[in-house]
Amino acid sequence: MSALFEVKNLTKHFGGLTAVDHVNFAVKEGEIMGLIGPNGSGKTTIFNLINSYFPVSDGTISFQGQDITNFSTNRIAKVGIGRTFQVVKPLKRLTVEDNVMAGAFANESSFAGARQVATDVLKFCHLDGDSQILAGSLPIGGRKRLEIAKALATRPKLLLLDETAAGLNPTEVIEAIDIMKKIRDDLGITIIIVEHNMKVIMTISDRIHAIAHGATISTGTPEVVAKDPAVIEAYLGTDYSIGDDKNA
């Protein structure tokens, strides 16, 4: 099966700093790929390159066999790549429903159509009971789910999730894992996820790509990457083991 999405030699320079250094990976349709690494390793920068928030210094980005390296951010959304952000910033003075409708208009031309998309997505993200409250009044767990709902409303084929579980309590983490699994299993959306919560990454990822200092250090199944000495040294720590509750 050919790749749905692929980056080749992806590189980003900020002046004399190389934030992303010739990274290569491909994602198949229906796959969940985890992107891990220590803080400052370039994970979110890669997402910013994919959705054209930053221009690419070198390399190519391909989606469904098309080179999208120089596409504008709004065109990236229209071809079917959605994303969430690590720091959630809802439109606080609008309702939860209106926030999601704003996302729906990326690929929906009518008000009625956008409202229907919002209705469906809010139910999927367990936010249908909060649709008419102001987004600014949601607790962090609700805001994280709203961030996912806004991205889903753009009707993506590929979804980039940036630290969706950050700041959540254990019950909310379980709910987040359930939603992310259903995004792939029920909606058929391919996922690339950046996440520090190892319980989340190890539970949902089919494959993991690990980076440090902007460069790839390991790639493979969660079990293989978790045992890689380079990953343990750079990120997980020597006391890490799969299933260890203290890392949940």
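Read the figures in this text as sums done on the coordinates, not as results from a lab. The model shown is predicted, which means the values in this text are computed figures rather than measured ones. Cβ: placed from backbone, ideal geometry, glycine included. Neighbour counts: every protein chain shown.
Using θ = phi - 60° in the Karplus curve 6.51 cos²θ - 1.76 cosθ + 1.60, the 3J(HN,Hα) couplings for region 190-205 round to 6, 10, 10, 10, 9, 7, 8, 6, 5, 4, 5, 4, 6, 7, 9, 7 Hz; x is entered for Gly and Pro. Near Thr95, the amide H atoms lying under 5 Å from its own belong to Ala135; only residues 5 or more places off or on other chains count, and H is placed 1.01 Å from N. A simple spin-label model places pseudo-atoms 7 Å from Cα toward Cβ; at Gln66 and Lys89 they are separated by 2.8 nm. With Cα atoms defining each centre, region 142-171 and region 1-18 are spaced 23 Å apart in the structure. Put simply, the amide H of Ile189, placed in the peptide plane, has neighbours under 5 Å in Arg184, leaving out anything fewer than 5 places away on its chain. Using a cut-off of 12 Å between beta-carbons, work out the net charge of the residues near Gln132 (Lys and Arg +1, Asp and Glu -1, Gln132 not included). Neighbour charge sum, excluding Gln132 itself: -4. Helix by helix, which DSSP H runs in the chain go 27 Å or more along their axis at the Cα atoms and have an average Kyte-Doolittle hydropathy of -1.0 or more? What comes out of the filter, once short or polar helices are dropped, is none. In percent, rounded to a whole number, the relative contact order of region 60-130 is 21, using alpha-carbon pairs under 8 Å and six or more apart. Taking 7 Å steps out from each Cα toward its Cβ at Arg75 and Glu223 produces label points 4.4 nm apart. Report the calculated FRET efficiency for Asp120 and Asn39 (r = Cβ-Cβ distance, R0 = 41 Å), to the nearest 0.05. The value I calculate is 0.70. For Gly34, the residues 5 or more places off, or on other chains, whose built amide H falls under 5 Å of its own are Ile193, Asp206, Arg207, Ile208, His209.
Label-to-label distance for Thr216 and Leu17 is 2.4 nm, based on points extended 7 Å past Cα in the beta-carbon direction. Determine which lysines satisfy two conditions relative to Lys157: a Cα distance under 19 Å, and not lying fewer than 8 residues away in the same chain. Within the straight-line cut-off, Lys157 pairs with Lys28, Lys78, Lys181, Lys182. Inverting the pair-averaged 1/r between distinct Cα atoms of region 66-113 gives 12.5 Å as its Kirkwood hydrodynamic radius.
Straight-distance candidates among the aspartates and glutamates for linking to Lys123, with alpha-carbon spacing under 17 Å and chain neighbours fewer than 8 residues away dropped: Glu97, Asp98, Glu147, Glu172, Glu175, Asp178, Asp185, Asp186. Volume per residue of the convex hull around the Cα atoms, evaluated for the chain, comes out as 122 Å³.
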